[in-house]
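This report concerns only the one structure given below.
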Amino acid sequence: MSKNCLVKSCTYDLNGYKVEVRFEPKLIRVMSTPELLVFLRNDLNKHTIRLVKLIKADYLILIGTPLKITNASLMVEIWGHLYASKFAKLLERMVRFKIIEKIKERSDTIDCGETGIDSNRKFWDLASKLLLIR
């Protein structure tokens, strides 16, 4: 594994798949790409936790404080955004709706913020507990 980190941005090379992540105080942005989907699809739980741990370690280095999002909540949010985007793109082929465009736009970048920044944080926290993600 290698990574190329620029100021507040990292591109991870994960088994040959490139994943870009941008870092801001209390917020990370995982760029949703076909490469990310393929990387995660090979072993969803294992590869997602690997990515989450890398992101949180680099967040600490780049921002200077720990990201206050549990690993489980971050994993579930990444999955939720990835698969919502995939589903919206599938629907888009059949029907053109404005709502489809909005879902696609909102899911192309996976914004994961701490409580107070991310209006959906409580949802992702609850979803991770219901799915028993550790």
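No value in this document is a laboratory result; all are computed from the given coordinates. The model shown is predicted, which means the values in this text are computed figures rather than measured ones. Using ideal geometry, Cβ is built from the backbone for each residue, glycine included, and neighbour counts are taken over all protein chains shown.
Values computed for the structure shown
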| read-out | value |
| --- | --- |
| Nitroxide proxy distance, nm - points 7 Å out along Cα→Cβ at K56 and S119 | 2.7 |
| Extension gain from L126 to M31, taking 0.36 nm per residue of separation minus the Cα-Cα distance | 31.9 nm |
| Among the listed pairs K56/K122; K18/K68; K18/K56; K46/K129; K46/K122, those beyond 22 Å (Cα-Cα) | K18/K68; K46/K122 |
